[in-house]
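Below: one structure, written as structure tokens.
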Amino acid sequence: MYKSIKILSFFAVIINLVACDTPEEVISAPKNFVVKYTYVKEAEAGKITFINTTENADSYFWDFGDGTSSTIKNPVKTFTQTGEYSVRLTCSNLATSTVKSYVSTISVFVFQGGLILNGDFEGGINPWRLGVANPIPSILLVTENQNTYFSVNVTAAGNPFDVNLSQIGITMTQGTTYRLTFDAWSDINRSMVVGIGLSGAPFTNQSVTRNITPTVQSFSIDLVANFSSANSRVIFDLGAAVGRVNIDNVTLNVVP
């Protein structure tokens, strides 16, 4: 019996020695924990697609600098106002309990048309009209270098209103001053009539004539409404002369 106990004890010691010689599993931290991102400005105003190029991170937290945030790895963010935004990406690595951040400043331009909807034409044809009734054909929108604008080629001169670009449904009040701004250019030197007015009979309006050239010009015109209507419109009468007319970035605001 004594010898049996000694033999068992001997084997127990051997087992313990073997167990002690087995290395423990060690979780080694990644050598490179790099936090970074790039981004793409989409055609839609204020829309940014963020591309997360971080290495060896387990979690992501985005602070977009406008009071909003996200934990998505590659978020798509639409900013609503023009500005400089400091966008910070903070990531963690669980193996090392390390937290790192990367921040960059992003310039965002969001077109704001005031009383005009879709004044930069980036949203398509609506609510613009040819005359006061017909939606403009999509072929009259041109997109170049991620910028969309209205473009029509007038091939025969006639009445100014024979070719007309309008946006109706705007509330205007008699005696109020409205500032109409826009960019315009042509393939030749020619004129056009621009203004504000009623969308129906008697078609009362306040308008002026402006000359356009092949060089892009920015116009700002103050007009005092001589009418009151909840269905007023902005007017671009283009039919009095031949040549291509391009219009972009239309705004209409009340002058304080």
For the range 34-59, pairs from a residue that is touching a residue at least 12 places away in the same chain (Cβ under 8 Å) and over 13 Å from K77 (Cβ atoms) to a residue that is in a strand (DSSP E or B) and of a type in the set (V, I, T), with Cβ under 6 Å and 6 or more apart or across chains, are T38/I51; E55/V34
Answer with yes or no whether Y39 is open to solvent by 60 Å² or more (accessible area, probe 1.4 Å) and modelled with pLDDT of 95 or more. yes
Yes/no for V208 being of a type outside the set (S, T, Y), open to solvent by 30 Å² or more (accessible area, probe 1.4 Å) and part of a strand (DSSP E or B): yes
Hits in the range 144-165 - residues which are loosely packed, with under 14 Cβ neighbours inside 10 Å, under 24 Å from the mean Cα position of the chain (by Cα) and in contact (Cβ under 8 Å) with a residue 40 or more places away in the chain: Q146, N147
Residues of the range 166-205 satisfying the condition of being open to solvent by less than 40 Å² (accessible area, probe 1.4 Å), closer than 16 Å to G113 by Cα and of a type in the set (A, V, I, L, M): I170, M172, L180, A184, I196
State the number of residues belonging to the range 31-53 that are within 25 Å of the chain's Cα centre (by Cα) and assigned to a loop (DSSP other than H, G, I, E, B). 7
What is the number of the single condition among (1) at positive phi; (2) of a type outside the set (D, E); (3) open to solvent by 50 Å² or more (accessible area, probe 1.4 Å) that G65 does not meet? (3)
Name, by its number, the condition in (1) open to solvent by 40 Å² or more (accessible area, probe 1.4 Å); (2) touching a strand residue (DSSP E or B) at 6+ places or on another chain (Cβ under 7 Å); (3) more than 30 Å from S166 (Cβ to Cβ); (4) of a type outside the set (V, I, T) that does not hold for A95. (2)
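The values are calculated or read from the model by the stated rules, or taken from the named source; none is laboratory data. Quick caveat: nothing in here was measured; it's all calculated off a predicted structure. Virtual Cβ from ideal backbone geometry, glycine too; neighbours counted across all protein chains shown. All accessible areas refer to the heavy atoms of the entire protein, side chains included, with ligands and DNA or RNA removed. Shrake-Rupley method; radii C 1.70, N 1.55, O 1.52, S 1.80 Å.
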